[in-house]
Amino acid sequence: MKVSPTGAPAWTSSKPPLLRFLNACHADFLPETSGAVADYIPELGKADPAHFGISLATLDGHVYEVGDTQVPFTIQSMSKPFVFALALDTLGAARVESVIGVEPSGDPFNSIRLNAENHPFNPMVNAGAIACSGLIHEAKGDGAFEYIRQALGRFAGRELGVDDAVYSSESLTGDRNRAIGYLLRTNAVIKDHVNSVLEVYFRQCAILVNARDIAVMAATLANRGINPVTGEQVMTPYAISRTLSVMTSSGMYDYAGEWIYRVGMPAKSGVGGGILAALPGRIGLGSYSPKLDRHGNSVRGIKVCEALSAHYDLHMLNRSDNARNAVIADYDIGENPSRRSRRPHEQKILAAHYQDVRVIELMGTLSLSNVDYVARQLVARPRPQFVIFDFRRVTSMTLAGARLLAEEFQELAAYHVTVIVSGIKRADAEWQPIAERTGSLPNMRYYFLLDAAIEWAEDQVVFRHGGSIDFFETTELSEQPLLAGLTDEELTDLASLGAVRTYQPSQKIITTGDPATSLFFLRSGVVHVTLPDGIRLATLTAGMAFGEMALLEPRRSADVRADMSATAYEVPLHDFERFRKQHPRAGERIMRNLAQLLADRLILANAKLNLLTSN
Ligand code: GLU
């Protein structure tokens, strides 16, 4: 380990704790040499029993690797879950489920026995797996194996090859599997020639993978079928969840019950020495070590999975969900109004009706419990007229969450509450389950920016309570909050210093970084203040000042553009300074007004920060 001059280890040698843990597992279980390499397929007996690799893939696509993670070995029975998923998606669940059961068999994996309906017990035993290969053969004919190889490659995120020696070795000796094949054919579970189906099955078992591949394949299972490294949706969530179900009940040979009890992760092992474990929504694990125990499971692989599950308490049934964690902020426009500067009569209306607009900012995954919690928060306070749901930080929705949310929108609409959605585009794919269910709702509105949504709702409140918003009205300097308290004479003097400017819609008035040499008093129209990256800081209407920070700062700190045609008094800074000298009382008043306006902005900014951090 590198040591820095201060005696602490160099930061670059720091490792994520999960990698340290996997390293420790590798070191701890390397001395474990019990078990035996499978040799009933003669070629498998040639595996090097010393090899030991552990890989763990996270659902954000990071892959940890320790030991011999690049050593290729044959996938064997770990192909079974993937080919089952492929059959479900290729032939349809009804067809597949009509010929293959999902009950644990209680028999060894290669048992020549079917269930009471003369169907394989499940797709994880050889009979069920051969039936799946048969179904793919039925659909794809001679292209069946290539179709399977490609599909497994999408799970792994790379092209996978085949070990021809292992394939031929099994094809020459696989009489037991042939016996199963004939049994399936006589019961009409497979329809094509037994030999052609078994060729597909033997080849699929001889596909070459390494520990890293199976970690990524497992992570794809854990991620509802989306490969976290390539981002590709490899199979449907239906096929994936059903595959995980049979892995849970039957994935680990006749150790499956004990496994799920102790380790609690859907998993599948293969006689080649691999184990893959997929913890839904969390991780995919792949381990490789060829020596097997009496059940046919890799000895070291089992130990790694047990240690990982025990150390981090990963048993899949040991879970809970915090219903509150999807609401990042919940407020009304009294606590956090829009960035539009309002004129006094608008402010008065909004101050009296601040509870009419409720804003709920959501984040993360919206699930059944999260959305139910949101629905209860809404009924707990007086009913608003407008509810804005902000989805900017929502990363996903479960089907249950989406359903419940759509039902909540319908409920609100029934009470004539206008639902406004921000932070999402109506056409976004993840929004479709909601759009489908709320398409006919009368008042739903969409805004990309939360601030624009709040601003619109505020305007509606102002209109409903008789306030007018006249963008074309021309205001006088006496209406400017920055000039409050000035006498008529002072105002007239100040007006004589300014020139009236006219701006076209979207014309740039102020540019960030330019010298700040004048102040502006907006007479008519609307302008907006933005940072150079486009973030809108404020929308100003007639009667407001802008560029007033010139009184404090030598350079412009934001851009200002006209929203619509606008007019403003522009007062050069040096004239304004002269005015302050001539009218010291007015000068002091203006600086006080400026301090007040800044203080108001700061109070609002703090309130907003508080909203976001106190939940
Ligand atoms: N090809 C092997 C067989 O059918 C796979 C067995 C296994 O990995 O469980 O015997």
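The values are calculated or read from the model by the stated rules, or taken from the named source; none is laboratory data. Since the model is a prediction, treat every value here as computed from it, not as a measurement. We place every Cβ from the backbone using ideal geometry, glycine too, and count neighbours over all the protein chains shown. With ligands, DNA and RNA removed, areas are computed over all heavy atoms of the protein, side chains included. Shrake-Rupley method; radii C 1.70, N 1.55, O 1.52, S 1.80 Å.
A few comments on the model shown:
- Descending Cα extents along the principal axes, region 222-306, whole Å: 36, 23, 19
- The residues of the chain have, on average, 44 Å² of accessible surface per residue, using a 1.4 Å probe with all protein chains present.
- Within the accessible area of the chain, the carbon and sulfur atoms contribute 53%, probe 1.4 Å, all protein chains present.
- Gain in span if fully extended, Gln70 to Glu32, counting 0.36 nm per residue against the direct Cα distance: 11.6 nm
- Using a simple spin-label model with pseudo-atoms 7 Å out from Cα toward Cβ, Ser565 and Asn325 lie 5.5 nm apart.
- In Å, descending, principal axis extents of the Cα set of the chain: 108, 68, 42
- Each stretch of four or more DSSP H residues adds -39500 (n - 2.57); spread over every residue of the chain, this sum gives -13000 deg cm²/dmol at 222 nm.
- FRET efficiency for Glu232 and Arg403, using Cβ-Cβ distance with R0 set to 25 Å, rounded to 0.05: 0.40
- Amide H partners (placed H, <5 Å) of Ala516, local residues excluded: Arg555, Arg556
- Potential lengthening of the chain between Gln377 and Thr474 amounts to 30.6 nm, from the contour at 0.36 nm per residue minus the alpha-carbon distance.
- Cα-based Lys pair tally, the chain, threshold under 20 Å, eight or more apart or on separate chains: 9
- Inter-label distance, nm, simple model (7 Å from Cα along the C-beta direction), Thr395/Arg585: 6.2
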